[in-house]
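Peer 1: Sharing a structure below in structure tokens format, with a few things to ask.
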Amino acid sequence: MSLHKYFDISILKKIKTEYDFTGNSIPKTEGYYIQIINIDQERQIQSTNPVLMNNVFYEPNTFQNQPTCIFSINSLKMLCFYHLHQKVDSSIGGLFERYGKFIARHPWKTVIFVGIINAALGVGLLKLNPESGIHQYVPIGNTASKDQKTVETLFKINTSANFNVQSLSDLGQYGEVIIELKNGNNILNITNWKHIEELNDYIRNTTIEDSSGNIYFYSDLCARSSNQCVVDGSFLLESPFTSDMNKGNITYPPYNLSTGQTVLLDRFIGNVVFVNGLIKHATALKLRLNLQSESFDLSRKWEKKFVEKLASFKNTDIMVKYSYSDSLSVELSKNVTGDISVFSVTFTLMIVFACLALMGMNCVDNRYYLGLAGILSTCLAILASFGLVSACGVAFVDIVGIMPFLILGIGVDNMFILLSGLADTKSDDCVETRIGKTIRTSGIAITITSITDIVAFCAGAASVFPSVQNFSWYTGCAVLFCYFNYLTFYTGIMTINEVRVSKQRHWFTCCKTKPHQSLKEEGKSKTVVLFCGGAPRRKREEVEGPIEKYPKILLKKAVLSKPTRIVIIILFVGYLGVSTWGAWNFREDLDLRNLVSSDSYYYNFYDTNLNFFSQSFFVSFYAKSEIEYRLSSNVLKIETLLRKAKEDKDILNTFELSWLDSYTKSPEFQNTSQSNFILGLNTFLDTRGNIFVNDVVIRNNSIVASRFHVLSKSLSTSSDQASLMVRLREITKSSTLPVFVFSPSFVFFEQYVQIVPQTIQTLAIAVSVVFLVTAIFMPLPVLILLVTVSVSMIMVGVIGLMQIWGLTLSSVTMIHIVMCVGFSVDFSAHICHAYAHVSGENRDARVSTALDLAGGPILNGALSSVIGIVVLAFSKSYIFFSFFKVMFIVVVVGAMHAIFLLPVLLSWIGPIYGTPETEPVNDKIKHSEKEEKTKVNL
């Protein structure tokens, strides 16, 4: 039986100290009684030494026949949580209310002071340090980067004399070109070679000029080996190859050059059709013109000139796709920078929406300027955060460009929550009292969401990815300033506006205005009545906009109707099932094509390169200390290491570059002594071992470092690339030799190893913070559980729908996921916070009132957020477009949880013990000097 009852608090405190709440024992205290006032039956019940059974107290004289339930232990526990909530709300809420009243007493001083602070911090923009490049997405302090530094320390390469691509510690400098026929036919026809040779001459004649006026051709800056420019694929232009081509005698993929070397043609000839090991048809050729790193600046200048010239290359038969070593970074930055300009469009849309949503026909109680002030408060926060973080030396990376779009959504959401709280205050109260009550309720609501947002970004700032770190610093700081501005600058403007309203002044002219009815009675025209009449509102419906006023009527009917509730639950169960499937299949990957615009020259090049040519890469095993290579045991260990590597499913077992194997099989090999071994090795390297000249470091008649090379198969997916790197590292760990494995590509692959644990760590921290913050500000178990579960469900939904919408997990989308954790709690916290602070005789009544208070702001906030990002749906940048997708998902899913799922659950299991602020007829809190009585549901 469920009865509304009042308990004497002093007695309950005595029960808490004397009764075992686990239900194990009850003391038998003489004369001890429990007094209950039964409101439904208007009678007083007293019981001496009540009986406890199954955690429920019964009157002993009725226990054997028809026991009368007095109260349950669970009710007492809930009452404890209620009192905790009451104390928290009284202390924190009281503090916020006093603060709000303080601002209301000094509005102009607050607005001016905070405005100056924001502007002063914005001066830090002068130190803004834009930073672009693919390195933003590489983990800091990763193993590959450390190994790269070790390689650079151990091996010094002169690329102007001894260039070998497998010996580079990075990807080098180069200009790369893919050649195709415009008609798509077979390119391996001698009639096409005149066009290819024309292109080759066109490229080689590309010149640059230094500051002294010196002219440099490609031949002056090219990487060299054996005094020849190293052009990967140059054999395609030589007569032995064209002769084999005319004979139809080109083997594939291994092809023997006239020099005796064997090359793999899948790296140079693309989209191949071959039969019995011979090429029959191909549509693309690829050449790479390598440049020397010793003249870095000149080489980089030549690379840019190379792109500029090829952009204007014209030929009737062939088409050319091209790139250079820094194309990805440059095009990525260009792509993002171009789309940042659309922020002005978003800014305009947000102003229009906010003003229209708040502007009414009441010329006195009109909130038009409050809409403008909300946008201004948010923009000042963005300015201050940019200035402060830039002044602290944090680089402005490409991904930070999406931050203003996010902060606009958060800021406008704060604005609608504050205005809803203001509209809910009593119009008869003075302005200071109304502002105080607004900050007491809505101020705490935006505090909960702001803290969770800030801590979520703090967790992101601990990431090993520079892009995630810097984005989190800028965005977390912006959320902090946004919160600060709304509780100071915007609250001051609200006060100024309310003072104007209380004096019945026109919103535009500030002249004294009469109510509509008075003007009508005076016989004024309809135009004058419409545009000049008005009065302070008497109830909240008078200032609510259409989005606040009408949808919530339908919402209340939906969530409070039993059949509709069942439908809502069924739909959410289906949504959760689909989302869980999507989240389970969510994969990690970063397609480099997505980082640049689809009309970029690099996009076209990379797309063709990925689809037509092998994506294999060299992998090297480094011995980083002295090893006695003369000993057969060490030779066996090296051979075993390389054999295990070539047994891997993603390593070619037919390719190996081992100076030791080649030397021991050469006529120069000597092993009678250490000095003879080194003497013979030097002779070998100087004569027939030029390809190994960069692989052995000899000092003081001893080998201090060396390396051996293998070649991977074509790997195009990030998971395969990362898995191979991890497996090869395990192989080196199993060796007793002082070796490590490295490839320049490993530096980029590192993100695929780190991204999953980093994302899980960030999500775990953020969801834990949601739980803790909710527990602090709303210490009611059911609400804590509902908010935490809701945020978890939203995150599952976001990740699952990301997979369905074609997104993958990468260092780019990880930023979006971090953002979602903070953003997903906003709507859920608002509806639960509203429920905890409204009155009602039952759960349904409370849900209805909570939707009145928070439903409108949630819908306005969701709609404004969508408007703020809608322009990004047309972005050519993957960073911006993926942000649009994720933000759209989290806003829609988060709003659906807040206005449908949570109200239904609250109407079933929401706490219904009293509220700390209201005194309804059936839900009041009594205070006196001797006693405090409170309501409990049994």
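Peer 1: Over the alpha carbons of region 318-447, what is the largest minus smallest coordinate on each principal axis, giving the biggest first in Å?
Peer 2: Answer, in whole Å and largest first: 79, 36, 20 Å.
Peer 1: Over what distance in Å are the Cα centres of region 163-184 and region 222-277 separated?
Peer 2: That distance is 14 Å.
Peer 1: Could I ask something else about it? So how much accessible area does Arg643 have, in Å² to the nearest 10, using a 1.4 Å probe?
Peer 2: 110
Peer 1: Okay, next question. Once the dipole of the chain is set up with Lys and Arg at +1 and Asp and Glu at -1 on Cβ about the Cα centre, which of Ser882, Ser864, Ile187 lies farthest towards its positive end?
Peer 2: Farthest towards the positive pole: Ser864.
Peer 1: Taking a cut-off of 18 Å between Cα atoms, list the aspartates and glutamates near Lys194, but don't count ones fewer than 8 places away on the same chain.
Peer 2: Straight-line reach from Lys194, under 18 Å: Glu180, Glu238, Asp244, Asp317.
Peer 1: What are the principal axis extents of the Cα atoms in region 466-526, in Å, biggest first?
Peer 2: Largest to smallest, the principal-axis extents are 69, 22, 16 Å.
Peer 1: On the accessible surface of region 758-863, probed at 1.4 Å, how many percent belong to carbon and sulfur atoms?
Peer 2: Using a 1.4 Å probe with all protein chains present, region 758-863 comes out at 72 percent carbon and sulfur.
Peer 1: Jot down the radius of gyration and Dmax of the chain, Cα atoms only, both in angstrom.
Peer 2: 36.7, 122
Peer 1: Sorting Asp326, Asp297 by accessible area (1.4 Å probe), largest first, what list results?
Peer 2: From most accessible down to least: Asp297, Asp326.
Peer 1: Using Cα positions and a limit of under 18 Å, work out the aspartates and glutamates in reach of Lys503, with same-chain residues fewer than 8 apart set aside.
Peer 2: Asp365, Asp428, Asp429, Glu432, Glu542
Peer 1: So if each residue of separation counts as 0.36 nm, and I subtract the Cα-Cα distance between Asp591 and Asn162, what length gain in nm does that give?
Peer 2: Result for the pair: 151.1 nm of gain on full extension.
Peer 1: For Leu636 and Val352 in the same chain, what is the full-extension length gain: residue separation times 0.36 nm, less their Cα-Cα distance, in nm?
Peer 2: Value of the extension gain: 94.7 nm.
Peer 1: If you look for lysine pairs in region 615-748 that are eight or more places apart or on different chains, how many of them have Cα atoms under 13 Å apart?
Peer 2: 4
Peer 1: Right, next: Quick check for me: using +1 on Lys/Arg Cβ and -1 on Asp/Glu Cβ, what's the dipole size of the chain about its Cα centre, in debye to the nearest 20?
Peer 2: 2140
Peer 1: How big is the antiparallel share of DSSP beta bridges in the chain, given as a percent to the nearest 5?
Peer 2: 95
Peer 1: Taking 0.36 nm per residue of sequence separation and subtracting the Cα-Cα distance, how much length would be gained by fully extending the chain between Asn249 and Thr316, in nm to one decimal?
Peer 2: 21.3 nm
Peer 1: Quick check on packing: order 435-442, 92-99, 891-898 by the mean number of other C-beta atoms within 10 Å, highest mean leading.
Peer 2: Most protected by this proxy first, the peptides run 435-442, 891-898, 92-99.
Peer 1: If you don't mind, there's one more thing I want to ask. Using +1 at the Cβ of each Lys and Arg and -1 at the Cβ of each Asp and Glu in the chain, identify which of Val567, Ile698, Ala456 lies farthest towards the dipole's positive end.
Peer 2: Val567
Peer 1: Counting only protein heavy atoms and a 1.4 Å probe, tell me what percentage of region 615-748's accessible area is made up of carbon and sulfur.
Peer 2: Summing carbon and sulfur atoms, their accessible area is 50 percent of the total for region 615-748.
Peer 1: Among the DSSP beta bridges whose two residues both lie in region 615-748, what percent are antiparallel, rounded to the nearest 5?
Peer 2: Antiparallel bridges: around 100 percent, rounded to the nearest 5.
Peer 1: Additional query: Quick one: which residues, 5 or more positions from Ser225 or on another chain, have an amide H under 5 Å from its amide H? H modelled 1.01 Å from N in the peptide plane, none for Pro or chain starts.
Peer 2: Phe163, Val230
Peer 1: Roll a 1.4 Å probe over the protein heavy atoms and report the accessible area of Thr447 in Å², nearest 10.
Peer 2: Surface open to solvent at Thr447 totals about 10 Å².
Peer 1: Next up: Return the whole-Å distance between the Cα centroid of region 346-418 and the Cα centroid of region 515-554.
Peer 2: Using only Cα atoms, the two centres lie 28 Å from each other.
Peer 1: Distance in nm between label sites at Leu610 and Lys87, each 7 Å beyond Cα in the beta-carbon direction?
Peer 2: Once both label points are built, they end up 5.9 nm from each other.
Peer 1: Taking +1 at the Cβ of each Lys and Arg and -1 at the Cβ of each Asp and Glu, which of Leu592, Ile765, His85 sits farthest along the dipole of the chain towards its positive end, judged by Cα position relative to the Cα centre?
Peer 2: Result: His85.
Peer 1: Could you give the dipole magnitude of region 190-241 about its Cα centre, charging the beta-carbon of Lys and Arg +1 and that of Asp and Glu -1, in debye to the nearest 20?
Peer 2: That gives a dipole near 120 debye.
Peer 1: Once you have all Cα-Cα distances for region 165-236, histogram them in 10 Å bins from zero and send the whole-percent values.
Peer 2: 14, 40, 31, 13, 1
Peer 1: Let me have the 222 nm mean residue ellipticity of the chain computed from DSSP H runs of 4+ only, each contributing -39500 (n - 2.57), with the sum over all residues rounded to the nearest 500.
Peer 2: Per the formula, -16500 deg cm²/dmol.
Peer 1: Give me the compactness ratio for region 604-657, meaning the Cα radius of gyration over 2.2 N^0.38 Å.
Peer 2: 1.62
Peer 1: Something else: Quick one: if you stick a label point 7 Å off each Cα along the C-beta vector at Val573 and Asn271, how many nm between them?
Peer 2: Result: 5.2 nm between the two label points.
Peer 1: Here is a follow-up. So with the 1.4 Å probe, I'd like the accessible area per residue for the chain, rounded to whole Å².
Peer 2: Counting only protein heavy atoms, the per-residue value for the chain is 42 Å².
Peer 1: Pull up all non-local amide H partners of Ile651: gap of 5 or more, or a different chain, and H-to-H distance under 5 Å with H placed in the peptide plane.
Peer 2: It is Lys713, by chain and number.
Peer 1: Then there's this: At each listed q (0.15, 0.16, 0.17 Å⁻¹), what is the log10 of I(q)/I(0) that the Debye formula gives for region 728-881 modelled as equal alpha-carbon point scatterers?
Peer 2: -0.94, -1.01, -1.09
Peer 1: For labels at Thr687 and Ser673 in the simple 7 Å Cα→Cβ model, what's the distance in nm?
Peer 2: 2.1
Peer 1: Would you list which aspartates and glutamates come within 12 Å of Lys556, measuring only between C-alpha atoms, while excluding same-chain residues fewer than 8 positions from it?
Peer 2: Once the sequence-local aspartates and glutamates are set aside, what remains near Lys556 is Asp844, Asp852.
Peer 1: Which value, in Å² and to the nearest 10, is the accessible area of Tyr216 when all protein chains are kept and the probe is 1.4 Å?
Peer 2: Counting only protein heavy atoms, Tyr216 exposes about 50 Å² to solvent.
Peer 1: Order the following by accessible area, largest value first: Thr251, Thr672, Thr475. Probe radius 1.4 Å; ligands, DNA and RNA are ignored.
Peer 2: Reading off the accessible areas and sorting them downward yields Thr672, Thr251, Thr475.
Peer 1: When the C-alpha atoms of region 615-748 are aligned to their principal axes, what extent does each axis show, in angstrom, from largest down?
Peer 2: So the extents along the principal axes, rounded to whole Å, are 47, 29, 23.
Peer 1: I've got another one for you. Show Ile196, Ile112 ordered by accessible area, largest first, where the area counts protein heavy atoms only and the probe is 1.4 Å.
Peer 2: Most to least solvent-accessible, the answer reads Ile112, Ile196.
The values are calculated or read from the model by the stated rules, or taken from the named source; none is laboratory data. Since we're looking at a predicted model, the values are computed, not measured. Quick reminder, even Gly has a Cβ in these numbers, built from the backbone with ideal geometry, and neighbours come from all protein chains shown. Surface areas here come from the heavy atoms of the whole protein model, side chains and all, with no ligands, DNA or RNA. Shrake-Rupley method; radii C 1.70, N 1.55, O 1.52, S 1.80 Å.
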